[in-house]
1. Any idea how many residues of region 108-141 are part of a loop (DSSP other than H, G, I, E, B), of a type in the set (V, I, T) and within 16 Å of ligand 2 (Cβ to nearest atom)?
2. Scan region 10-61 for residues that are within 16 Å of ligand 1 (Cβ to nearest atom) and of a type in the set (G, A, S) and jot them down.
3. Restricting attention to region 86-98, does a residue exist that is near ligand 1 (Cβ under 8 Å from one of its atoms) and not in a loop (DSSP other than H, G, I, E, B)?
4. Inside region 57-70, can you point out the residues that are within 22 Å of the chain's Cα centre (by Cα) and either farther than 20 Å from E145 by Cα or of a type in the set (D, E) (or both)?
5. So, in region 104-135, of the ones that are over 21 Å from D57 (Cα atoms) and more than 17 Å from the chain's Cα centre (by Cα), which residue ends up surrounded by the fewest Cβ atoms within 10 Å (Cβ to Cβ)?
6. Residue under question is P38, and the condition is that it be away from ligand 2 (no atom under 12 Å from the Cβ), over 19 Å from the mean Cα position of the chain (by Cα) and part of a loop (DSSP other than H, G, I, E, B); does it hold?
Amino acid sequence: MKAKNILKDVIGGFWSLLVGMSITLREFFRKPVTVHYPHESLKMSPRYRSHLIFTADEDGSSKCIACNLCVKACPTECIFVEGEKKEGAKKKSVTQYDLDFTRCSLCGACVEVCPTDAIVFSKRYNIVSGDKKDFSRIDLCKDLEERNKKK
Ligand code: SF4
Ligand code: SF4
């Protein structure tokens with residue numbers, strides 16, 4: 001009776017070892033789902049929304065004509081826009097565009113209403129800070145300038 005139990009334990013142990021090894025082997029050949037952050041970045045889904053950024057013309061300048069439609073459409077009043085009409089220009093161009101990201105609900109009203117497709121949601125998922133103030137004024141003009149410099 002005792003020998004029978006020992007044999008049962010040995011077979012059971014060997015079986016569980018085989019099951020464990022087969023799972024390990026299967027996972028070893030599977031494509032990893034993790035990335036080597038921060039050396040690698042995740043590709044966010046098309047519907048992912050982070051803070052607003054400017055789109056740009058071929059020359060790198062903003063398409064924003066400072067019409068203020070996004071300001072009026074924003075339900076949380078978190079956009080501030082200033083613009084000027086340069087000499088000889090038909091339309092105004094933006095001189096300041098600030099977003100208070102701490103109040104933005106990512107509703108998309110501003111993006112939808114924009115007549116020139118000047119703003120889109122960025123895919124930035126790794127912006128962090130211990131201070132809320134760091135997100136209370138995101139300067140879109142400066143951000144575009146910095147992106148142009150990196151090109
Ligand atoms: S996404 Fe909505 S809340 Fe955020 S800035 Fe645009 S309109 Fe305002
Ligand atoms: S982002 Fe679009 S809607 Fe807002 S001020 Fe500029 S052009 Fe007008």
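1. Taking region 108-141 and keeping what is part of a loop (DSSP other than H, G, I, E, B), we get 108, 114-118, 122-131, 136-137.
Then keep just the ones that are of a type in the set (V, I, T); that gives 116, 127-128.
Checking the rest, the ones that are also within 16 Å of ligand 2 (Cβ to nearest atom) come to 116.
Result for region 108-141: 1.
2. Taking region 10-61 and keeping what is within 16 Å of ligand 1 (Cβ to nearest atom), we get 47-55.
Of everything in region 10-61, just one residue is within 16 Å of ligand 1 (Cβ to nearest atom) and of a type in the set (G, A, S), namely S50.
3. Here is the first cut: in region 86-98, the ones near ligand 1 (Cβ under 8 Å from one of its atoms) are none.
Scanning region 86-98 turns up no residue that is near ligand 1 (Cβ under 8 Å from one of its atoms) and not in a loop (DSSP other than H, G, I, E, B).
4. Selection gives D57, C70.
5. Across region 104-135, the extreme among qualifying residues is G130.
6. Numbers: away from ligand 2 (no atom under 12 Å from the Cβ): yes; over 19 Å from the mean Cα position of the chain (by Cα): no; part of a loop (DSSP other than H, G, I, E, B): yes.
Criteria not met by P38.
Matching residues to (1) touching a residue at least 60 places away in the same chain (Cβ under 8 Å); (2) of a type in the set (S, T, Y); (3) surrounded by 10 or more Cβ atoms within 10 Å (Cβ to Cβ):
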site: K4; (1), (2), (3): no, no, no
site: S22; (1), (2), (3): no, yes, yes
site: F28; (1), (2), (3): no, no, no
site: E40; (1), (2), (3): no, no, no
site: M44; (1), (2), (3): yes, no, yes
site: R49; (1), (2), (3): yes, no, yes
site: D57; (1), (2), (3): no, no, yes
site: C67; (1), (2), (3): no, no, yes
site: C74; (1), (2), (3): no, no, yes
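The numbers here are math on the coordinates, done by the rules we state, and not lab data. Just so it is clear, the model here is predicted, and its values are computed rather than measured. Ideal geometry is used to build each Cβ from the backbone, glycine not excepted, and the neighbour counts take in all protein chains shown.
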